[in-house]
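We did not get these values from a lab; they are worked out from the coordinates using the rules stated. Since we're looking at a predicted model, the values are computed, not measured. Neighbour counts run over all protein chains shown; Cβ positions are idealised from the backbone, glycine included.
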Amino acid sequence: MDIDALKAKNPDHWMKAAAIRALTLDAVAAAKSGHSGMPMGMADVATVLFEKHLKFDVANPTWPDRDRFILSAGHGSMLVYSLLYLMGDAEITLEEIKNFRQLGARTAGHPENTHATAIETTTGPLGQGISNSVGFAMAEEIQRARFGAKIVDHYTYVMAGDGCLMEGVSHEAIGLAGRQKLSRLIVFWDNNDITIDGKVSLSDRTDQVGRFTAAGWDVQEIDGHDPEAIDAAIAAAKKTDTPSMIACKTHIALGHAAQDTSKGHGALTDATQMAAAKAVYGWTTGPFEVPDAVKSQWEAIGTRGAEAREAWEERFDAQSQNKRAEFNRQLAGEAPKKLSATIKALKKQISESAPSVATRKSSEMVLEVVNPILPETVGGSADLTGSNNTLTADLGVFDTDNRGGRYVYYGIREHGMAAAMNGMALHGGVRPYGGTFMCFTDYARPAMRLAALMQVPTVFVMTHDSIGLGEDGPTHQPVEHLAISRATPNTYVFRPADTVETAEAWEIALTSTSTPSVLALSRQNLPTVRTEHKNKNMVEQGAYVLADADGKRQAILMATGSEVSIAMAARDILQAEGIGTRVVSMPCWELFEAQDEAVRKRVLPGGPVRVAIEAGVSFGWDRWLLGERGKREKSGFIGMDGFGASAPAEELYKHFGITAEAAAQKVRDLLSGK
Ligand SMILES: Cc1ncc(C[n+]2csc(CCOP(=O)(O)OP(=O)(O)O)c2C)c(N)n1
Ligand SMILES: [Mg+2]
């Protein structure tokens, strides 16, 4: 690599890019940890993108029509931090750069959307960013169809490394983006032939150009250190009617002794080698010092978008009052006022007619009344539309010739779907929900976890939530998935017992602004247990008394979802024997945990024996079986202690002992001290 030739060819560009490289070296050295090589390798691409193309106003990092920049190779976080500091971002200051990776700093090890306004998405788990970006690009298309190109007209730019492209989820994302011709999506591949263990060839020989081409992308191959080539490639990529991948041949840790080696991937902290690299760059200032001339050039780049933003604001202000209000409402994620009344009306009607339906069908009944009044919902399924009951009549299908369509056929891509939904939610203006079988939570899990960490209200519609799905057998029967979902911080796990609870759960999910929801829904029909209409959203309390004891309260039965009606039948048996029994429905543990202790004690008072019934593993139930303050109540669990089996659902419930009689017997045993 002839760095002198690069410098000589375009000294202005060189120094701007060198600022990224030098800041990266300094911050990583100060932290004694981090990843120096990626930002040093991609500094030229970043500089040209920000200087010549990215529509971005550093003073208004949330301006709705900005281009989105996503660093999928999140380990290269110093790239985005350097860029933001250099441009004069109000949050990523020099102090923050100096505190890279320290407690409380915005400059976390990997970029986190909740740490700085200008960070679009949290990356680090490789493959997520590129998969989020597909959702960003879809949301942009949908929003444009809704509000017009005068208001919505931006691009999504992604930087992905070899790791992102090796991760399976990228394949799901690339396939979906190609099929949907997401022409506003432009991915730069940091083609440096290096990962942590060594050369990419240790583990891969994929022809990435062929792969993207086969998926329907436009592909260009360039020298990732040649500013003119980078500029020309971006200009060309913007004009295609397909998504674009620009393969950028780069040198990891450019100019450092570790260049082109896997050592260059990590923290380059050796002082002598750092000094040598800076000398190669012609960088003569001290640590964290950027020459004024370079800094002011970068600041000018930061304000480059101001004019475009002002012009956009004028165009926006010229829209009708209604259109502006609706745009702002959808962007803010505020549910329309009508939602609450609509849910109440449905609840009332259901409590009166008391149908016996699967909660997946209940969910569809809710969506049928909700989708028409929430134009921001975008539904979808990973090839299980008819099973997940996610499609309603008025949505229309999102497609190349119908960008206003609100239903996405994601294909068999649970992980890609979940990541894309997160991207949509982060883009804003749309509220995504998508379905698959509860068992395939596993396939979507990395993105579900990130939804929680990123505080986005993505809704995961997970049907076929237990052995109650029957004949498909243990491969499809979730037993541990409720526990895994509940173990995830900042996640609402709803397991509604009937249509009324399903409606209440949806209302919470659709008004949430910072917590994702998992809706665990049954395949099999369930009776309506909420036959007495209440305006109040009972699921909001997390757990509540569905039926109280008649006479002295001796037992409390706790259950969720399909087992609530079993608990009610067990109560009938016990009451007939004179054993006063309360039934507590617990559709959302997280919301119950958030109640005051007094509320929890009112619902689950100490004293009576406690039996929990859930067609899953007992993991986690101790929290409710033990009682407040860990005082052990006499308690038992009726559920699964291993995998299910393939048989009709009713037989399975008997076989695994999840029956009203078994629950009643457990209570009798506990009361008699057995
Ligand atoms: C899902 C996931 N697996 C593993 C890692 C750990 N990891 C971080 S970077 C990296 C190598 C990435 O290689 P590449 O994308 O080529 O980055 P480069 O070395 O070129 O900077 C690995 C394995 C991770 N962050 N995410
Ligand atoms: Mg690499």
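Annotations
- Surface/4 of the Cα convex hull for the range 156-290, nm²: 9.2
- Rounded to the nearest 20, the Cβ-based charge dipole of the chain about its Cα centre (Lys and Arg +1, Asp and Glu -1) stands at 1740 debye.
- Rg and Dmax over the alpha-carbon atoms of the range 630-669 stand at 12.5, 40 Å.
- Equivalent-ellipsoid semi-axes of the range 1-73, from the Cα gyration tensor, Å, largest first: 24, 19, 10
- Every helix of 4 or more DSSP H residues in the chain counts as -39500 (n - 2.57), and over all residues that averages to -13000 deg cm²/dmol at 222 nm.
- Charges were assigned to the Cβ only: +1 to each Lys and Arg, -1 to each Asp and Glu. The resulting dipole of the range 526-601 about its Cα centre is roughly 160 debye.
- For the range 380-424, a Kirkwood radius taken over Cα pairs fed into Stokes-Einstein (20 °C, viscosity 1.002 mPa s) yields D = 197 µm²/s.
- Against the main long axis of the alpha-carbon atoms of the chain, helix 11-31 sits at an angle near 50°.
- Cα radius of gyration and Dmax for the range 488-552 (Å): 13.2, 43
- Lys, Arg +1 and Asp, Glu -1 on Cβ, resulting dipole of the range 425-555 about Cα centre, debye, nearest 20: 320
- Separation in nanometres of the label points that stand 7 Å from Cα toward Cβ, at ASN328 and GLU314: 2.1
- Positive dipole terminus of the range 1-148, leading residue within LEU126, LEU83, LEU6 (C-beta point charges): LEU126
- Average Cα contact separation per residue, the chain, under 8 Å, 6 or more apart, as relative contact order %: 12
- Note on the chain: Rg/Rh from C-alpha atoms, Kirkwood Rh, equals 1.04.
- Cut-off 13 Å between beta-carbons: net charge of the residues surrounding SER183, Lys and Arg +1, Asp and Glu -1: +2
- Along each principal axis, Cα extent of the range 396-513, largest first, Å: 40, 30, 28
- P(r) for the range 1-157, from all Cα pairs and a bin width of 10 Å, is 11, 38, 34, 14, 3, 0 %, short bins first.
- Angle of helix 499-511 to the longest C-alpha principal axis of the chain, folded into 0 to 90 degrees and rounded to 10: 20°.
- Given their separation in residues at 0.36 nm each and the Cα-Cα distance between them, ASP12 and SER356 gain 116.7 nm when the chain is fully extended.
- Fraction of the pair-distance distribution of the range 237-351 above 18 Å, Cα-Cα pairs, percent: 78
- Relative frequency of Cα-Cα separations exceeding 15 Å in the range 361-439, percent: 53
- In this simple spin-label approximation, LEU671 and ASP399 carry label points 7 Å from Cα along the Cα→Cβ vector, and these lie 6.1 nm apart.
- Burial ordering of PHE288, PHE494, fewest other beta-carbon atoms within 10 Å first: PHE288, PHE494
- Over the range 437-579, the ratio between the Cα radius of gyration and 2.2 N^0.38 Å evaluates to 1.13.
- Volume of the convex hull of the range 103-200 (Cα atoms only), normalised per residue: 113 Å³.
- Taking the longest Cα principal axis of the chain as reference, the axis of helix 564-576 is set at about 20 degrees.
- Pairs of Cα atoms farther than 17 Å apart, the range 77-136, %: 34
- Cβ-Cβ distance of ALA345 and ASP472, R₀ of 25 Å, FRET efficiency by 1/(1 + (r/R0)^6): the value works out to about 0.10.
- In a fully extended conformation the segment linking ALA59 and ASP383 would gain 112.4 nm over its present Cα-Cα distance, using 0.36 nm per residue.
- The convex hull built on the alpha-carbon positions of the range 284-371 has an orientation-averaged projected area of 11.9 nm².
- All C-alpha pair distances within the range 506-623, sorted into 5 Å bins from zero, spread as 2, 10, 20, 24, 22, 14, 6, 2, 1, 0 percent across the bins.
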